[in-house]
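Would you mind keeping the following structure in view while I ask a few things?
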Amino acid sequence: MKGLFLNFSLLVALLASCAPVDLNAAIPTFETGVDSNAWAQIPAGEFYFGQHEDIETTEAYEIMITDVTAAQYADFLNAALADNYVKTDGGQIVGFYPGDKFHAIKHEEEIKAGDWIYILLNDPSQKIKFDGTTFTVQTGFKNHPMTMVSWFGAQGYCEYFNSRLPTEMEWEKAGRGTDERSFPWGAEIMRENANFYSSRDPFEDMSTFGSRTSPVGFYNGQKYGDFQTQDSASPYGLYDMAGNVWQWTGDVYEGMHYRFMRGGSKDTYDMDLRLWVRNNATPTYFSPGVGFRCVRDK
Amino acid sequence: MQLIKDRFNYLFGSTKGLILVAIAMIGIVTAVWGMLSGPMAEMGVREVVIKLLGMKIVQAEREGRIVILYHSIAMAIIAIETYMITSLLKMKPFFKIAINAIITVGYILTMIFGMGFAYFGHNWAFHGIYIFGLSLIFFAGVLLIIALWPWNPEYYVTDKEYAHTKKGVDLERVAFFATAVTTVISALFGAVPGSYFGNGFETFLAENIIRLPEKTTMEYSIIGHLHIMLALICIMITLIIGRWLNFKGILHKVAMPLMILGTIVLNLGVWGVVTPLEPVAHMVIYVGATPSMVAALLLLIWSWGKLIREGTAHIQKPSFGQKIGALLRDPLKFGPTWQMLFMNFTTSGIGIFMAIKLDEVFRVWPAREERIELTGHWHVLSAIVATIILLYFGDMNGFRGKLRQWYGWSIIILSDIAFGAVTVFEMKRLFVPEAEQQPLVNGLMYAIDFGLGMLMVILAALLVYRLIDLFKNKGRWIEELDHELAREVDK
């Protein structure tokens, strides 16, 4: 009898594991008041880089204070489609990339000049909708970070607006400032600081769809309903430099086709939100947990 | 006073007492530190534990803490294996006492002061004692090598049932010796870069530098070290289980040369990672791993055959069902080799599948996903070794009848549920799109937590039983005072 009960319980748990996920479940909408068109000024100079705090230097540059939002990306696609900067190719949007120098190192894959995927249109997780002429954003996600975008789609966006993806050094300096902090706001992390896995923010439901993105600049000290956030801007005033979505960076390293991401995401534990933590994937990779922001030289 | 002295003599002077203490130490560390990560952290238990125990931990130092945690647990496992070796194999009493004493002091210092340094403020005297503890374990390893020297005529075998050379050199002893020698050498591959990185406070975890085409010699050395040490712990427990079950016959004669060859070649391959031979080192590792795994398979075939033969000896023509019944009759004897077989689904199989599909599948995914696969499969491998030790320890405790059945089958079934779920968790992207995986993750987490949680309950029950026993004047501990494992080897 006991054995039967145990088996039945396990069977119920396994069946529950196969339950379908409603990717279009309603999402709470909040205005954060943070301007996603604003840029922060980063001065030239030294800073602590990486886990082991090597001293590195950058020139002065400007960086977006938030991730690129879904609305900004939809506007870009509308403009870029009209300019023939991007085109539709089956169920995806593609754009030209001039290719990388190939060194034939073990595991390296050649990135040739040609059209590469920016976004996949018909993926259930894609928040950008296309009716054949116009790109729009799924209701509730306009001020959320643009996700489901490949590295090509991220760098294509930045390039279109005469900017570029940040190097890893630029990204880290913008998030860390000039001291040795682990997170943009300081040495430790709490649930009120950032959107990470099981951080109990208003957007997640761990029993069904799990974590979801939060609007850019959400963790700015405001109270949203019952949820009080802490102002978690970086020393230079950037938001979401830890959590919410991984952010593509622009470095192309010799002998590697992988592109690096920084910042951790809604799908990772707090340890991956430390400023020096690196992640990487092939440049064609896209995910509900990966976005980007741009920099421009001064 | 005599009461305490007697118990102390049992716990630190007898083989079974020493093993009990080490298991208890690992159990406590696992129970407490297991609450600092994963679902326990999600539920907020981590914060309670940190406050309750007065831990002083900061996010920036996570990697260093984990390195010390891994070493603390691993040293206790190595101590347990060493106690088993000194009790199972013939050696001079001086060596046995010296090795056991040194390794006991070594692992306890490593564990207490290492964890004290890592989690309770950075007292550098603690760090020094932690390093001293590790050094003692290394020295105990050197002594073990001397004690195991197989070319001493005293240890020659004449029984034709066991693998030996024409002169009589015991090949099983050579296998133990080769594993001990390569373990001590491989420890240096961690000690040297450990000193280098530790001195500059530049701790890193190997899984965080995967995919980087350029690695330094020191980084390669760390990567090689962690892989080979775990492999050697596995090889040693296989030899120990073989000795306990009294592995012999033709399969023993084939298995032992394979085990010696595999151990040496595997180590040469791993050591080669830090040399200009690095590009071919992986091939050498595969070549070395194969004979070792074949040897383990031969042990499995032999032991299952023996269980079936003995279990059906009273039946003239046993049916298939009766044979299976005989095989499964004693979970403590069947369990260790079953776990070795199960390991192929959770570790070797996953490893081979990943190697084949690496660029096509796994390296299209983010590096953090690949890290889950890597850390998942070696955690499972380590835990499988732990369950094998617990199964053998159940036999050492003299469990009989229903208790033996419940204890043995609970460990096998609960651990395999957990390890199987971990394996599916590692591979979940093969079955479910990233955005839709949460219900699967939840189900798997229930299975993992249920399996591991219940295992910890069983371990706690075992330890409480042994603690109560220690308060008895004529408890089991009295019987175990001078029990040597060699006397309990299967006939």
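The values are calculated or read from the model by the stated rules, or taken from the named source; none is laboratory data. A quick note: this is a predicted structure, and the numbers were derived from the prediction, not measured. With ideal geometry, Cβ positions are generated from the backbone for all residues, glycine too; neighbour counts draw on all protein chains shown.
Would you kindly identify the helices (runs of 4 or more DSSP H) lying entirely within the range B:347-433 that contain at least 2 residues that are within 11 Å of chain A (Cβ to nearest Cβ)?
Numbers: elements: B:349-356, B:367-396, B:401-426, B:428-431.
In the range B:347-433, B:367-396, B:401-426, B:428-431 are the helices (runs of 4 or more DSSP H) which contain 2 or more residues that are within 11 Å of chain A (Cβ to nearest Cβ).
When you go through B:97, B:50, B:28 one by one, which is the residue that is closer than 28 Å to residue B:461 by Cβ and more than 14 Å from every other protein chain (Cβ to nearest Cβ)?
Values: B:97 fails: closer than 28 Å to residue B:461 by Cβ; B:50 fails: more than 14 Å from every other protein chain (Cβ to nearest Cβ).
One residue alone meets the criteria, B:28.
Restricting the range B:249-280 to residues that are crowded, with 19+ Cβ neighbours inside 10 Å and without any contact (Cβ under 8 Å) to a residue 24 or more places away in the chain, which is nearest to residue B:215 (Cα to Cα)?
B:272
Would you call residue A:197 buried (at least 21 other Cβ atoms within 10 Å of the Cβ), away from every other protein chain (no Cβ under 13 Å) and touching a strand residue (DSSP E or B) at 6+ places or on another chain (Cβ under 9 Å)? Even if it seems obvious, please write down each step before you answer.
Numbers: buried (at least 21 other Cβ atoms within 10 Å of the Cβ): yes; away from every other protein chain (no Cβ under 13 Å): no; touching a strand residue (DSSP E or B) at 6+ places or on another chain (Cβ under 9 Å): yes.
Answer is no for this residue.
Quick one: in the range A:254-279, which of the residues that are under 25 Å from residue A:185 (Cβ atoms) and in a strand (DSSP E or B) is nearest to the other protein chains (Cβ to nearest Cβ)?
By that ranking, first place goes to A:279.
Output the residue which, of all residues in the range B:434-461 that are of a type in the set (Gly, Ala, Ser) and touching a residue at least 24 places away in the same chain (Cβ under 8 Å), is farthest from the other protein chains (Cβ to nearest Cβ). Break it down into steps so the answer makes sense when it comes.
Keep residues of the range B:434-461 that are of a type in the set (Gly, Ala, Ser), which gives B:435, B:443, B:447, B:451, B:453, B:460-461.
From the residues that got through so far, the ones that are touching a residue at least 24 places away in the same chain (Cβ under 8 Å) too are B:447, B:451, B:460.
Working: B:447: 7, B:451: 10, B:460: 20 Å.
Step by step, filter the range B:434-461, then rank; the result is B:460.
Here is a further query. Out of (1) free of Cβ contacts under 8 Å to residues at least 24 places away in the same chain; (2) surrounded by 20 or more Cβ atoms within 10 Å (Cβ to Cβ); (3) farther than 24 Å from residue B:36 by Cβ, what's the single condition that is false for residue B:93?
With (1) free of Cβ contacts under 8 Å to residues at least 24 places away in the same chain; (2) surrounded by 20 or more Cβ atoms within 10 Å (Cβ to Cβ); (3) farther than 24 Å from residue B:36 by Cβ applied to residue B:93, the lone miss is (2).
I'm trying to understand the selection: among the residues of the range B:471-491, which are more than 27 Å from the chain's Cα centre (by Cα) and surrounded by 12 or more Cβ atoms within 10 Å (Cβ to Cβ)?
Correct list: B:475, B:478.
Say we look at the range B:92-127 and pick out the residues that are closer than 25 Å to residue B:52 by Cβ and polar (S, T, N, Q); which of these is modelled with the lowest pLDDT?
Selected residue: B:123.
Of the residues that sit in the range A:280-292 and are in a loop (DSSP other than H, G, I, E, B) and not hydroxyl-bearing (Ser, Thr, Tyr), which one is nearest to the other protein chains (Cβ to nearest Cβ)?
Our first condition is that a residue be in a loop (DSSP other than H, G, I, E, B); within the range A:280-292, this holds for A:282-289, A:292.
With the extra rule that they be not hydroxyl-bearing (Ser, Thr, Tyr), the set shrinks to A:283, A:286, A:288-289, A:292.
Working: A:283: 11, A:286: 10, A:288: 5, A:289: 8, A:292: 14 Å.
Among them, the one singled out is A:288.
If I go through the range A:177-191 residue by residue, how many of them are without any contact (Cβ under 8 Å) to a residue 40 or more places away in the chain and part of a loop (DSSP other than H, G, I, E, B)?
Number satisfying all stated conditions: 3.
Can you confirm whether residue B:323 is modelled with pLDDT of 95 or more, more than 19 Å from the chain's Cα centre (by Cα) and more than 25 Å from residue B:270 (Cβ to Cβ)? Steps first, please.
Numbers: modelled with pLDDT of 95 or more: yes; more than 19 Å from the chain's Cα centre (by Cα): yes; more than 25 Å from residue B:270 (Cβ to Cβ): yes.
Yes; evaluated as a whole, the condition is true for this residue.
May I ask you to say which residue of A:208, A:249 is surrounded by fewer than 21 Cβ atoms within 10 Å (Cβ to Cβ), touching a helix residue (DSSP H, G or I) at 6+ places or on another chain (Cβ under 9 Å) and either touching a residue at least 60 places away in the same chain (Cβ under 8 Å) or within 14 Å of chain B (Cβ to nearest Cβ) (or both)?
Values: A:249 fails: surrounded by fewer than 21 Cβ atoms within 10 Å (Cβ to Cβ).
Of A:208, A:249, the one residue that is surrounded by fewer than 21 Cβ atoms within 10 Å (Cβ to Cβ), touching a helix residue (DSSP H, G or I) at 6+ places or on another chain (Cβ under 9 Å) and either touching a residue at least 60 places away in the same chain (Cβ under 8 Å) or within 14 Å of chain B (Cβ to nearest Cβ) (or both) is A:208.
Name every residue in the range B:145-199 that is among the polar types (S, T, N, Q) and either in a helix (DSSP H, G or I) or touching a residue at least 40 places away in the same chain (Cβ under 8 Å) (or both), in order of residue number.
Filtering the range B:145-199 for residues among the polar types (S, T, N, Q) gives B:152, B:158, B:165, B:179, B:182-183, B:186, B:195, B:199.
Scanning the range B:145-199 gives B:179, B:182, B:183, B:186, B:195, B:199.
Filter the range B:149-169 down to the residues that are farther than 14 Å from residue B:91 by Cβ and acidic (Asp, Glu), then identify the one that is surrounded by the most Cβ atoms within 10 Å (Cβ to Cβ).
B:161
Among the numbered criteria (1) among the acidic types (Asp, Glu); (2) over 30 Å from residue A:152 (Cα atoms); (3) crowded, with 18+ Cβ neighbours inside 10 Å, which single criterion is violated by residue A:188?
Against the list (1) among the acidic types (Asp, Glu); (2) over 30 Å from residue A:152 (Cα atoms); (3) crowded, with 18+ Cβ neighbours inside 10 Å, residue A:188 comes up short only on (3).
From A:251, A:201, grab the single residue that is of a type outside the set (Lys, Arg), under 28 Å from residue B:37 (Cα atoms) and either out of contact with any Pro (no Cβ under 7 Å at 6 or more places or on another chain) or modelled with pLDDT under 95 (or both).
Working: A:251 fails: under 28 Å from residue B:37 (Cα atoms).
Being of a type outside the set (Lys, Arg), under 28 Å from residue B:37 (Cα atoms) and either out of contact with any Pro (no Cβ under 7 Å at 6 or more places or on another chain) or modelled with pLDDT under 95 (or both) holds for just one of A:251, A:201, which is A:201.
Let me ask something else. Being crowded, with 19+ Cβ neighbours inside 10 Å and within 14 Å of another protein chain (Cβ to nearest Cβ) is the filter here, so list the residues in the range A:29-50 that pass it.
A:48, A:49
How many residues are away from chain A (no Cβ under 14 Å) and either farther than 21 Å from residue B:132 by Cα or crowded, with 16+ Cβ neighbours inside 10 Å (or both) when one looks only at the range B:193-205?
Qualifying residue count for the region: 2.
Being away from every other protein chain (no Cβ under 14 Å) and on the phi < 0 side of the Ramachandran plot is the requirement here; does residue A:240 meet it?
No: the conditions fail for residue A:240.
So which residues in the range B:311-369 are more than 20 Å from residue B:421 (Cα to Cα) and of a type in the set (Ser, Thr, Tyr), if there are any at all?
B:312, B:319, B:337
Another question about this same structure. Checking residue B:238 against (1) closer than 22 Å to residue B:388 by Cβ; (2) out of contact with any helix residue (DSSP H, G or I) (no Cβ under 7 Å at 6 or more places or on another chain), which single condition isn't satisfied?
Residue B:238 satisfies all of (1) closer than 22 Å to residue B:388 by Cβ; (2) out of contact with any helix residue (DSSP H, G or I) (no Cβ under 7 Å at 6 or more places or on another chain) except (2).
Please go through the range A:168-194 and pick out each residue that is of a type in the set (S, T, N, Q) and either modelled with pLDDT under 95 or in contact with a helix residue (DSSP H, G or I) (Cβ under 8 Å, 6 or more places away or on another chain) (or both).
Matches in the range A:168-194: A:182 only.
Follow-up. Which count do you get for residues in the range B:259-284 that are within 15 Å of residue B:178 (Cα to Cα) and of a type in the set (D, E, K, R)?
Residues that pass the stated criteria total 0.
Residue check, residue B:347 against (1) polar (S, T, N, Q); (2) in contact (Cβ under 8 Å) with a residue 40 or more places away in the chain; (3) under 22 Å from residue B:392 (Cα atoms), all met but one. Which one?
(2)
Does at least one position in the range A:156-165 carry a residue that is assigned to a strand (DSSP E or B), over 25 Å from residue B:434 (Cβ atoms) and touching a residue at least 40 places away in the same chain (Cβ under 8 Å)?
Filtering the range A:156-165 down to residues assigned to a strand (DSSP E or B) leaves A:164.
Subsequent filtering for residues that are over 25 Å from residue B:434 (Cβ atoms) retains A:164.
After this cut, where a residue has to be touching a residue at least 40 places away in the same chain (Cβ under 8 Å) as well, the list is A:164.
Yes.
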